[in-house]
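Read through the structure below, which is laid out as structure tokens, and then see the notes.
The values are calculated or read from the model by the stated rules, or taken from the named source; none is laboratory data. Quantities reported herein were computed from a predicted structural model and do not represent experimental measurements. Because the Cβ atoms are built from the backbone with ideal geometry, glycine has one as well, and the counts that use them run over all protein chains shown.
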Amino acid sequence: MVSTRLVFQQPRHTGGNPVPLVFGAGGHAEVPSYAITARGRITVGLRGQVRMASVLQLQAKGRITGLRGNVAVRWNVNVSRPMVASAQERGQDAQLRSMQLQSMWQQSQRMQTAISQIWQDARHVSGQVRALWQQADGLRGAGVDMAQDAVPMRQHITSRYQEGLRRHAATSDAVQDAAAVQALALVRFEEAVRLRSAVQSHFQHGQAAAGHWLASFAQGRPVSIGGLGRFEEAMHPGPGMWQRPRPLPPEPCYVPGLPAKLLFKQAYAAGLPAHLVFRCCKGGGAEPEPQPIAQYVIPLLRVYMQVHTLTAHLLPNMEPVQLFNATISTDDESYCWSLSASGPEHLMEQLAPVSGLPARVRVTIDGIPFVFAVMSTPRTRAFGQHRVQVNGVSTTALLAAPYMPAQVWSPNVNMTAQQIAVQALEYTGVDLSWGIDDWTVPGGACSLQGTPLQAVMRVAESVGAVLRSHRTDEQLIVAPRYPVLPWQWDAADVQVHMPAAVIVTDELQPEPRTPYNAIYVTGGPVGGVQGHVVRAGSAGEKLAPQIQDDLITQAVAARMRGGWALAASGNKLMQTITMPVLTGGTNPGVLQPGQLLQVDDLDGTWRGLVRGVSVSASMPKVRQQVTVERVAA
């Protein structure tokens, strides 16, 4: 802390105005550097307090910040006021510094003037640069023009590129044409697969024949006795080697080169189909009755050996489908074949519908193919077992709802029943096999409503026929309910002839029915006819309930409907037979509904009509269960 003395050279001021205090050399008239106005408390640039003790003694303490502070002044007139030179020297120092500041300020003004001159020079240079820039703008504009000239050339190149794209599109069209040819090749390949199956079947026949000849050769035992020649030693035939002795062939009825006589013994009946029956008249003019010949014959053997196979493929790419077991069945009350199989869990994705249509799978049992549309694949889970149940039907099921909409068919012109059914199947891709007599239906006689499948079923049911599906093809079959009437079975040709030894199990169940022998069949109001159908050789006294149908418009339709209704009457026997599936040679494989069956049983020979069949394949065993309709004695 430094003590400062203030020297007052002027007399005491008694007025009310404040008195300025001037610090500096005495007697000079210069403007003081600092003026302090005494009003109790003096505020200067010093921060702190200045107290006056004794004779106006100012005492400053505190810190200096920004030259601010507080000065306290006290009056004491009874003290002396000597002059202190240190205060004047300090004031002179302040004046020197102020002059230095003025000099620096003048230098800064001169520098600012120089800067202004430089700035004006820079503005002049900027003007020159702008002039150059404007010239550069012109050059840049020329560059833009050149770029604009180059754009049309680029557009021309783009146009050529577009032409190249069009040529590429033409190449793609050619590729698509090739894809169509490829699809045709696939179709031919599928036909080749079927032909290959047929060749395999014939090859199996050749194996059976080769085995027979080898076995027969094994029985011979050549022995030489004194050069007299060879002979075969008599021996008992081995197991499975026994064959029935074949009768001598009859004398031929027709000898080439000699005249033949045709003898007609039945008169021609108008309106009925004519059948020419050629019989041999040799043997003293007697006419031997023709012997029934079976289409399939199962030989009587001690042992029946068959190697069974079960395969499945996804159509049309023939991707293998794994199945654990399969059951395939059909009957006269169902229009199609049905499939029930099981397989691994991934079949849910493999057999999923494609574009809203069911997947198609081809199942082959012992070389016999079946094609199904997969309708559902429910999954079942148990401990250690995850399986998928595959349920399918023949592809003809796609003719029903929800895959086909309901329609109305009302022919206004005369059409046959077959033509009405074909018209219902138009544009569906399904063919029709007509296996019954046809008849004419006048225009306006009927109106069919429903899906195409329902329309064809309605036509078949009008005369009592049955509707079936082909095993592999997209084809509906209209077949007679009784190809041969029951009272004519004894004289008819059978399709399957087998011994009772091939039957594994059977079950016989009687079905009593009323024995009708006559019936009336009536048509509708438009073109309908009325027919009285009587069983041949009967009195016709047992009349069955009358049948009425609008499609009975001709006598042939009334005869079919009435005859099959009488054939279903009378006492029946329904026999269920379980037997193996035998293929190769003359074996029938899987039996089909509508086949006439003859069985050489232990208590005699009997015949019956196959009504239904169910094939169960659970490797390595394959069995078929056949339902046969018989006539009770």
Does segment 290-302 include one or more residues that are modelled with pLDDT under 60, out of contact with any Phe, Trp or Tyr (no Cβ under 7 Å at 6 or more places or on another chain) and more than 22 Å from residue 579 (Cβ to Cβ)? yes
Please tell me if residue 450 is more than 25 Å from residue 372 (Cα to Cα) and in contact with a Lys or Arg (Cβ under 9 Å, 6 or more places away or on another chain). no
Picked from segment 599-633 (must be in a strand (DSSP E or B) and small (Gly, Ala, Ser)), the residue modelled with the lowest pLDDT is 604
Suppose we keep only residues that are within 24 Å of residue 533 (Cβ to Cβ) and of a type outside the set (S, T, N, Q) within segment 566-592. Which one would you say is nearest to the chain's Cα centre (by Cα)? 568
Restricting segment 599-614 to residues that are buried (at least 21 other Cβ atoms within 10 Å of the Cβ) and over 38 Å from the mean Cα position of the chain (by Cα), which is nearest to residue 502 (Cα to Cα)? 599
Tell me, yes or no, whether segment 571-585 has at least one residue that is at pLDDT 95 or above, aliphatic (A, V, I, L, M), in contact with a helix residue (DSSP H, G or I) (Cβ under 7 Å, 6 or more places away or on another chain) and not in a strand (DSSP E or B). no
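Consider segment 299-322. How many of its residues are loosely packed, with under 11 Cβ neighbours inside 10 Å, of a type outside the set (S, T, N, Q) and under 22 Å from the mean Cα position of the chain (by Cα)?
Matching residues across segment 299-322 total 1.
Looking at segment 370-385, is at least one residue assigned to a strand (DSSP E or B), touching a residue at least 60 places away in the same chain (Cβ under 8 Å) and of a type in the set (Lys, Arg)?
no
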Could you figure out which of (1) in contact with a helix residue (DSSP H, G or I) (Cβ under 7 Å, 6 or more places away or on another chain); (2) under 24 Å from residue 479 (Cα atoms); (3) surrounded by fewer than 15 Cβ atoms within 10 Å (Cβ to Cβ) isn't true of residue 433? (1)
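Taking only segment 331-345 into account, find how many residues are surrounded by 12 or more Cβ atoms within 10 Å (Cβ to Cβ) and either without any contact (Cβ under 8 Å) to a residue 40 or more places away in the chain or part of a loop (DSSP other than H, G, I, E, B) (or both). Give the steps one after another, and end with the answer.
As a first pass, look at segment 331-345 and keep what is surrounded by 12 or more Cβ atoms within 10 Å (Cβ to Cβ): 331-332, 334-345.
Checking the rest, the ones that are also either without any contact (Cβ under 8 Å) to a residue 40 or more places away in the chain or part of a loop (DSSP other than H, G, I, E, B) (or both) come to 332, 334-337, 344-345.
The total comes to 7.
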Look through 305, 404 and report the one residue that is in a loop (DSSP other than H, G, I, E, B), free of Cβ contacts under 8 Å to residues at least 12 places away in the same chain and either among the aliphatic types (A, V, I, L, M) or over 21 Å from residue 473 (Cα atoms) (or both). 305
Go through segment 537-567 and give me each residue that's aliphatic (A, V, I, L, M) and free of Cβ contacts under 8 Å to residues at least 24 places away in the same chain. 539
Verdict on residue 359 being out of contact with any Ser or Thr (no Cβ under 7 Å at 6 or more places or on another chain), closer than 20 Å to residue 593 by Cα and surrounded by 19 or more Cβ atoms within 10 Å (Cβ to Cβ): no
Just wondering, is there one or more residues in segment 505-526 that are outside any loop (DSSP other than H, G, I, E, B), in the same structural domain as residue 601 (by TED's automatic domain parsing) and out of contact with any strand residue (DSSP E or B) (no Cβ under 7 Å at 6 or more places or on another chain)? no
Within segment 442-466, track down each residue that is buried (at least 23 other Cβ atoms within 10 Å of the Cβ) and assigned to a strand (DSSP E or B). 466
Quick one: which residue in 344, 353 is under 16 Å from residue 314 (Cα atoms) and over 12 Å from the mean Cα position of the chain (by Cα)? 344
Within segment 501-530, how many residues are surrounded by 16 or more Cβ atoms within 10 Å (Cβ to Cβ) and closer than 14 Å to residue 576 by Cα? 3
Taking only pairs six or more apart or across chains, which ones have beta-carbon atoms under 8 Å, a first residue in segment 114-137 that is in a helix (DSSP H, G or I), and a second residue that is modelled with pLDDT of 70 or more? none
